[in-house]
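Data first, discussion second: the structure below is written as structure tokens.
Each value in this text was obtained by applying a stated rule to the coordinates, not by laboratory testing. Treat the numbers as computed from the prediction; the structure is a model and nothing was measured. Here the Cβ positions follow ideal geometry from the backbone for every residue, glycine too, while neighbour counts run over all protein chains shown.
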Amino acid sequence: MALPVALRDTVSPPELELIASEQLIEIVPLIAMERTAFISGAYGPLRPPAKSKVPIWMAMNLKLKRKCHIVAPEWLNVEFLQERLTQETTRTEFSQLPFRFSEIAKLLLDIASDDIQNPDKIRYLLKDIREARQAKSRDGLQKIDHSELSLPNLCSMEINEIRPFFVKAMGVLTHLTRESTADNAARFENF
Amino acid sequence: MDDDYYSIDAILAENQKIQCTFKVDIPDMGHLDGGKDRDIKKNSKIQLPLWIAYILIYSDFADFTIPTPFNARVRNALNAEAKSVRLSGLVGAGGLWPRRLDDAPAKEMSDILTKTFRSRLVEVIDQAQHFAALGPSGGGGQSGDMALTFREGLDGTERELFSLAQDSAKKTKQWYESTERGRR
């Protein structure tokens, strides 16, 4: 009960970013390093100019020290995102994107934008995709009822954004919807 | 709700009074009605808080009248256009969507409330996100009279939802705009 209300029923965006940072990404190291053990596992060895897979947090750290180039994941380019945007605007369901795409894309565009081709265009595309998807989850809100809501392909950041009030709204609807007579009888027994 | 036990709102909601008509004489309980008479007479009408009303109604000692927020006039208005009814005026700004409707002519009431809640919900969330996007300095002014009237008419539960949606939209927006460059 000591936690502030906002943290009780959901995690914060920076926490999601932290979780996403555990995923592996390809880098081209500029320094050599032996295979090294970290708490989350052993990574390396780094032998320039051979590519290597390391977690995103490590790639970001090296990048900020100018010790590696980052290889953008295959979904982070203009063609792929353009196609997804078209899908997003023409169909009613959510298009398929990596579950943590917004966290990863934001990190990469923020820190390693010089390793990505056409970062500004990608930023615009991601923003458009996000807005198209928000409009869809708003439609989902209209269909909400007390027991279930199905929005396939919703991504972690989007789920996180709508979770607090969807949960609350469904809770209220549960109270408003009439319980079956069996439940009433049970409650009566308790009195 | 899961946190009902700790919820001040649930406790306050239980404190709202409804009018009950007693079906039997009850001796020595006149103080419930302010203490004029010693006994409660059959057919006397008394305002009782919800928490005690449950037991009386279940035990068949009393009947209750449907409270004003649920009378026919309001129900018709809700049926016509849920968004234009000022709920806060009906149940008081601290009032809440009634939490328990186990008994009573519950089916119809539950249907209307569910419908009302659902049709207002979208508008509540839309406005909350709109205000989150404006940031701390914005708001007011150009948003239009309709929106303002609607916002003033929100009841307690809708206000909670409004602030939940606003907070989470604000936090997400902050995160999208934050940058890690130069922090490490």
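Here are the numbers for this structure:
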read-out: Cα convex hull of the stretch A:73-177, projected area averaged across orientations, nm²; value: 6.7 nm²
read-out: FRET efficiency, 1/(1 + (r/R0)^6) with R0 56 Å, evaluated for B:Lys173 and A:Arg47 via beta carbons; value: 0.85
read-out: Rg and Dmax [Cα atoms of the stretch A:10-71; Å; Rg one decimal, Dmax integer]; value: 12.2, 42
read-out: Theoretical gain in end-to-end length, B:Met29 to B:Lys42 [0.36 nm per residue, Cα-Cα removed]; value: 3.5 nm
read-out: Amide proton proximity set for B:Ser44, modelled H, under 5 Å, gap of 5+; value: B:Phe22
read-out: Packing rank of A:38-49, A:23-34, A:166-177, where each peptide gets the mean count of other beta carbons within 10 Å, highest leading; value: A:166-177, A:23-34, A:38-49
read-out: Estimated FRET transfer efficiency (A:Asn61, B:Met146; beta-carbon r; R0 56 Å; 0.05); value: 0.65
read-out: Pairwise FRET efficiency - B:Ile11 versus A:Thr89, Cβ, R0 = 56 Å, nearest 0.05; value: 0.75
read-out: Stretchable slack from A:Asp120 to A:Arg163, in nm (0.36 nm times residue separation minus alpha-carbon distance); value: 12.5 nm
read-out: Where Cα atoms sit under 17 Å apart: lysine pairs in the stretch A:73-177 separated by 8 or more or lying on different chains; value: 4
read-out: Chain A: equivalent-ellipsoid semi-axes (sqrt of 5 x gyration tensor eigenvalues, Cα, Å); value: 42, 23, 12
